[in-house]
Structure formats: C-alpha cells, structure tokens
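Here it is, the structure in full.
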C-alpha cells in the first residue's frame, strides 16, 4: 500500500464537502509539485467566509503520520508553514482530479 | 504575469497586497482609472498591478512584490472596491480593522467587528432569553472546529457529527430549499418565526440557502448581534465583507443568496 491522498473542496457550510481519493496515477505528480513549492513567510490567517475557500489535501504515508495541506489564493499551508502555490498550480491540479465530484458550474468558477 | 491588488492606504508602513485571479483583474482593468488618485492621508484607492511571478508569490505587502507595472487604480467605485477588499481579507492581506476603515471610507456601514472582538452597542436587542455567548475559542478548538458545522453552531450543540437538519428526528431533509430544510429542522424541534424582535425562551437562528447547493445557519448571541460557523471553518461574528451582523437577512452572505426564515431553537432540540 503506497501513499494515499484524499482531497476535499472547502465549499459548503451545512452539507459535507465533496471529497475523493486522488488517483494513484496522479499521486507522484502531486507529490513532486509539493516538493517544488518555495517556502514563504506566512501572511495573516485568512478570514475564510461562505462559499469556496480552498482545497484540503490529507496525505497518509505507510507507517507515517497523516499530513494535512490547505491550498487557497496561491498559498499552501501545512504544519503552520506556508509555501507559494504560484498560479494556484497545485490547487488546480487537485481540483482537476475530482472534476466528477464537483457540480459543473461550481467547478468552472473555482478553477478559473 | 500575476496580477496583484494593492490597498493604497498607509503612509509609513508598506501597503497590503494580494493576488487576484485573471477574471477579476480583467473586470477591474476595464473599470479603473489610469491616473493616480490625488495625494491624501488615508484611503486612496486600490491599485491593480502586474509583477514577476517568482518575486511576488505569496507577497502580502507592496514592498514584497518587487518591480511591478501599474495598470489602473480603482477609486470611487464602491462595489468594485468592496469586492477587491473582500479578496484581500480572504487572502489574509487585509485585517478586519483595516477593512472596516476602508469600508467606512467608501460610505459603507460603520459597524465592523474584528474576529474575536466584542461588537459594539449598535447590535439590536437580544430577544432570546437563553441566547449563547459568542465564544469562538470553544468552537474553534481543533477538536471541535472540523467536525461541527453551521447547524451545530446555530443550535449551540457541538455534536461532533456535522449534524444535518432532520437527522436527529429520523428523516434528513429531502429537498435542498427553504421548505425542505426548514421542515426538517422543525421536526428536530426548531420553530419558525417572522421576526427576532420578540422576547422569548430559547434563542434565535436564521436559515439561508445557496440555491441548489447548500444551506447555512446563523444564530443570535447575547450581544444581540449574530454569528455563524461556515462548515468546518472557524466560527466568526462577521459577514463575508467583514462587517458585524445585525440582521442575517441584510448581511453579505456570499453565494447563500436566499433568505428563508428566522427560527427559534433551544437546548432541548435534537440534532445529530
């Protein structure tokens, strides 16, 4: 059993958010993208509101602790460290792996 | 080439800057002036600039952007300025106090609250005899925040189950609209009401709908102002524009555009 990645769109308030397992064929690509993001000084925490606020990625490696990332507005955060997700590359990559799990009209508005 | 917005407001310290997407940048470029606003102390508009990707990634201040090219200044277009400001707040580049100052400069409502700061006496009277106190520290604890939603918060019951209207009484809502969700919550024990003016036992909540997508709840706290918890995100006492919520029917609700009804809830309501 290899690395398991689960992506969740931070979208809804009442209902459960759309969530899916990142296909194993994309796990390596996502992992490499995470490794290439430059670390930056964390800006103040966002005042996330109603509607789309980003993507969460849970990564569980064999025998390892679960690591949680969040992606929003070109910034990736994990373990209180911040990284530049230039052009929202990783955020869009993750959304692309879950297209069938997201309402089509919402998908088009959040990936643009 | 990435586009950023710069809030032109400070004199001594670097101005806040935050990235904006292509669609917003194009709309603002079409709307803005190409000339700078007159020098003045305080808010002078929001500059739209293009800069190099490598230097600007994640920048939260004008100084950190490096070299940039200014295209337009947005000033005197309150709706556009508020939209940009909202993006800046969400990005964490503009804090609630600064957003409040700029909003007032635009002629917006004067009452704006910071996260975790008590709102002022301009709140309406609280009519719920058992209204909960605004206590974000409790709800935003890592053990509670991700597993409790707006319905848990409105009913002041951290079930840890992401509770759904109707599930506690045996039948979850069957239609994602005002009638469906309000009926399910009535089965749980909530009571619909047309106003939150009357004094009564329990406390007031309010139901709104994102058409076809989701529902959301607000609750009235002891202050008389309202607070909410959008999904697994932190509880807060401000709306999507960073303003205190004196009436959920009138506040900025983002995509939750349909206001359904006020309701009354209490500690005996069953939610799961």
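Residue A:23 fails exactly one of the following numbered conditions: (1) more than 10 Å from chain B (Cβ to nearest Cβ); (2) at pLDDT 95 or above; (3) in contact with a strand residue (DSSP E or B) (Cβ under 7 Å, 6 or more places away or on another chain). What is the number of that condition?
Result: residue A:23 fails condition (3) only.
Continuing with the same structure: List the strands (runs of 3 or more DSSP E) that sit entirely inside segment B:211-272 and contain at least 1 residues that are in contact (Cβ under 8 Å) with a residue 40 or more places away in the chain and under 14 Å from the mean Cα position of the chain (by Cα).
The qualifying strands (runs of 3 or more DSSP E) are B:214-220, B:226-228.
Which count do you get for residues in segment A:63-76 that are within 14 Å of the chain's Cα centre (by Cα) and more than 10 Å from chain B (Cβ to nearest Cβ)?
Looking only at that region, the number is 4.
Further question on the same structure: Those residues that are assigned to a loop (DSSP other than H, G, I, E, B) and closer than 15 Å to residue A:36 by Cβ, I need them from segment A:60-112; list them, please.
Initial filter on segment A:60-112 (assigned to a loop (DSSP other than H, G, I, E, B)): A:61-66, A:73-74, A:79-80, A:85, A:97-98, A:102-103, A:112.
Result: A:74, A:85.
Just one of the numbered conditions (1) without any contact (Cβ under 8 Å) to a residue 60 or more places away in the chain; (2) crowded, with 21+ Cβ neighbours inside 10 Å; (3) more than 29 Å from residue B:217 (Cα to Cα) is not true of residue A:79; which one?
The failed condition is (2).
Counting only residues that are facing chain A (nearest Cβ under 9 Å) and closer than 23 Å to residue B:92 by Cα, how many does segment B:197-244 have?
Number satisfying all stated conditions: 13.
Ok, one more. Can you tell me which of (1) within 9 Å of chain B (Cβ to nearest Cβ); (2) over 15 Å from the mean Cα position of the chain (by Cα); (3) more than 23 Å from residue B:60 (Cα to Cα) is the one residue A:41 doesn't meet?
Looking at each condition in turn, residue A:41 falls short on (3).
Yes/no per residue for (1) more than 10 Å from chain A (Cβ to nearest Cβ); (2) at pLDDT 70 or above; (3) crowded, with 17+ Cβ neighbours inside 10 Å; (4) closer than 26 Å to residue A:85 by Cα:
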site	(1), (2), (3), (4)
B:1	yes, yes, no, yes
B:12	yes, no, no, no
B:22	no, yes, no, yes
B:38	yes, no, no, no
B:53	no, no, no, yes
B:78	yes, yes, no, no
B:88	no, yes, yes, yes
B:100	yes, no, yes, no
B:107	yes, no, no, no
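Also, quick follow-up: Return the only residue of A:57, A:95, A:50 being facing chain B (nearest Cβ under 9 Å) and either under 30 Å from residue B:252 (Cβ atoms) or in contact with a strand residue (DSSP E or B) (Cβ under 7 Å, 6 or more places away or on another chain) (or both).
Of A:57, A:95, A:50, the one residue that is facing chain B (nearest Cβ under 9 Å) and either under 30 Å from residue B:252 (Cβ atoms) or in contact with a strand residue (DSSP E or B) (Cβ under 7 Å, 6 or more places away or on another chain) (or both) is A:50.
Using the structure shown, decide if residue B:179 is modelled with pLDDT of 95 or more, farther than 14 Å from residue B:131 by Cβ and more than 14 Å from chain A (Cβ to nearest Cβ). Break it down into steps so the answer makes sense when it comes.
On the way: modelled with pLDDT of 95 or more: yes; farther than 14 Å from residue B:131 by Cβ: yes; more than 14 Å from chain A (Cβ to nearest Cβ): yes.
Taking the combined requirement at face value, the residue satisfies it.
Residue B:146 is checked against (1) closer than 19 Å to residue B:269 by Cα; (2) in a helix (DSSP H, G or I); (3) within 11 Å of chain A (Cβ to nearest Cβ) and fails just one. What number does that condition carry?
Unmet for residue B:146, out of (1) closer than 19 Å to residue B:269 by Cα; (2) in a helix (DSSP H, G or I); (3) within 11 Å of chain A (Cβ to nearest Cβ): (1).
Quick one: is residue A:15 without any contact (Cβ under 8 Å) to a residue 40 or more places away in the chain, within 27 Å of residue B:167 (Cα to Cα) and surrounded by fewer than 21 Cβ atoms within 10 Å (Cβ to Cβ)?
yes
Another question, then. If you take the residues of segment A:26-47 that are in a loop (DSSP other than H, G, I, E, B) and in contact with a strand residue (DSSP E or B) (Cβ under 6 Å, 6 or more places away or on another chain), which of them is surrounded by the fewest Cβ atoms within 10 Å (Cβ to Cβ)?
The extreme case among them is A:38.
The values are calculated or read from the model by the stated rules, or taken from the named source; none is laboratory data. Note that the structure is predicted; figures quoted are calculated from it, not measured. Heads up, the Cβs are rebuilt from the backbone with ideal geometry, glycines too, and the neighbour counts pull from every protein chain shown.
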